[in-house]
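Heads up, the thing below is written out as structure tokens.
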Amino acid sequence: MKRWQNRRFCELVAHVTETRDALAKETDLSPRNEIVNQKLHNLVHYVTLPHNQAAAKRALQTLSQTGVTASLRDICQRAEFQLELYFSDPDRVLDFPYIDHYLELALKESELANLNSNSRVVFVGGGPLPWTPLVLTIVQSAKAQGMLGELTRCLAEGDAHTDDLLKKVIQREFWRDWPSSFQVMSVEKEAEAAENSVKALTKLGFQDHVQVAHVDGAELVVPPGFDTFFIASMVTEKQRVMLNIMSQVEPGKEVTFLVRSVDPVNMRALLYEPADSLLEDMEACIPGLSWVDTFLPENGSCLINSVHVYKYRRPVESEAEAAA
């Protein structure tokens with residue numbers, strides 16, 4: 001490694017370690033703690049910067065080996081839950097600071113999954129503030145009514161009124177009154193989170209399009225007609241969840257999985273556990289599971305998550321016997 005790359009490597013390791021150490025001292029990881037707010041905001045911005053690849057790769061290896069990555073991910077996951085819990089309060093729900101990120105990712109995921117106004121979607125890991133199920137509904141309504149342009153304009157960079165415009169658009173009544181069979185089930189295993197998500201959805205008027213199921217995704221009984229399954233980044237037992245869903249697919253039928261992850265060779269991997277290796281192993285040993293596409297955020301993008309798209313077609317009995 002060149003001398004300047006070595007300096008970049010040292011800077012990366014020092015910055016991330018110092019951030020982890022500072023966050024580890026805080027007992028309150030909610031948005032009420034300004035120290036946590038600032039540290040996490042700076043961390044998210046830092047990992048999305050276009051770092052030197054060689055320095056970043058070496059830094060990720062070092063941070064993993066020293067245990068910094070594991071502890072930082074744990075802190076970030078707990079802080080994210082507290083963030084969503086805080087803003088799930090009906091009086092705060094529209095003040096959530098990352099609505100635009102959720103909308104931008106939902107636009108991409110809707111495209112990847114080929115969602116339409118008749119789609120029925122399960123989102124596992126909806127949390128106390130199910131913004132993804134909510135904005136997936138808004139995206140489909142906008143497409144069906146020719147209003148997608150109004151929605152995407154809310155994401156224009158450099159617009160000082162973007163946040164206010166986005167809030168106004170989300171509150172538009174025609175999203176809520178949209179006469180469609182599009183349905184999203186938000187699956188959440190934590191009782192408090194599930195209860196709060198119902199309150200937030202009711203406040204925004206989306207309770208007819210987004211239903212909440214208080215159940216572990218690994219034990220979910222899939223309702224008839226649902227064939228597209230999102231697995232959130234914070235879901236720790238992705239394999240158990242996917243195997244449970246696969247076990248309920250009828251022979252010869254096909255379903256779609258969209259599994260959120262992070263690029264394992266990118267600094268974004270400091271925030272979530274990558275699912276890439278797990279999915280590759282599952283594809284290698286599960287007949288009928290096949291990779292379709294992967295979305296990776298561009299350098300400099302504010303988005304954190306990558307998204308892997310898989311199709312699963314359960315083999316019919318004759319195919320299963322032939323494979324054996």
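Number of residues in segment 169-189 that are at pLDDT 95 or above and either surrounded by fewer than 17 Cβ atoms within 10 Å (Cβ to Cβ) or not hydrophobic (A, V, I, L, M, F, W, C) (or both): the value is 3. Taking the condition touching an Asp or Glu at 6+ places or on another chain (Cβ under 8 Å) and of a type in the set (A, V, I, L, M), does Leu85 pass? Spelling it out, Leu85 is indeed touching an Asp or Glu at 6+ places or on another chain (Cβ under 8 Å) and of a type in the set (A, V, I, L, M).
The condition (being assigned by TED's automatic domain parsing to the domain that holds Leu201, modelled with pLDDT under 80, surrounded by 17 or more Cβ atoms within 10 Å (Cβ to Cβ) and under 22 Å from Leu83 (Cα atoms)) is satisfied by just one residue among Leu151, Leu129, Leu136, Leu166: Leu166.
When Val121 is tested against (1) farther than 17 Å from Met267 by Cβ; (2) modelled with pLDDT under 95; (3) among the aliphatic types (A, V, I, L, M); (4) not in a helix (DSSP H, G or I), only condition (2) is not met. Looking at this structure, is Met234 surrounded by fewer than 22 Cβ atoms within 10 Å (Cβ to Cβ), in contact with a Gly (Cβ under 9 Å, 6 or more places away or on another chain) and within 30 Å of Glu18 (Cβ to Cβ)? Yes: the conditions hold for Met234.
Take the conditions (1) in the same structural domain as Arg32 (by TED's automatic domain parsing); (2) buried (at least 18 other Cβ atoms within 10 Å of the Cβ); Ser71 misses just one of them, which is (2). Determine if segment 196-214 includes at least one residue that is surrounded by fewer than 17 Cβ atoms within 10 Å (Cβ to Cβ), of a type outside the set (D, E, K, R) and assigned to a loop (DSSP other than H, G, I, E, B). Yes: segment 196-214 contains one or more residues that are surrounded by fewer than 17 Cβ atoms within 10 Å (Cβ to Cβ), of a type outside the set (D, E, K, R) and assigned to a loop (DSSP other than H, G, I, E, B).
When segment 26-49 is limited to residues that are in contact with a helix residue (DSSP H, G or I) (Cβ under 9 Å, 6 or more places away or on another chain) and exposed (fewer than 15 other Cβ atoms within 10 Å of the Cβ), the one that is farthest from Ser88 (Cα to Cα) turns out to be Leu49. Could you list, in sequence order, all residues of segment 46-83 that are within 25 Å of Pro128 (Cα to Cα) and without any contact (Cβ under 8 Å) to a residue 40 or more places away in the chain? Ala70, Asp74, listed by residue number. If the condition is being in a helix (DSSP H, G or I), more than 20 Å from Cys302 (Cβ to Cβ) and at pLDDT 95 or above, then segment 12-57 contributes Val13, Ala14, Thr17, Glu18, Arg20, Asp21, Ala22, Leu23, Ala24, Glu34, Ile35.
Looking at the structure I just gave you, is Leu107 farther than 24 Å from Lys189 by Cβ and under 13 Å from the mean Cα position of the chain (by Cα)? Against the criterion (farther than 24 Å from Lys189 by Cβ and under 13 Å from the mean Cα position of the chain (by Cα)), Leu107 qualifies. Residues in segment 85-94 include at least one that is surrounded by 18 or more Cβ atoms within 10 Å (Cβ to Cβ), hydroxyl-bearing (Ser, Thr, Tyr) and either farther than 24 Å from Ser301 by Cα or not assigned by TED's automatic domain parsing to the domain that holds Ala14 (or both).
Consider segment 265-322 and keep the residues that are part of a loop (DSSP other than H, G, I, E, B) and of a type in the set (Ser, Thr, Tyr). The one that is modelled with the highest pLDDT is Tyr272.
The values are calculated or read from the model by the stated rules, or taken from the named source; none is laboratory data. From a predicted model like this one, the values you see are computed outputs, not experimental measurements. Positions of Cβ are generated from backbone atoms using ideal geometry, with glycine treated the same way; all protein chains shown enter the neighbour counts.
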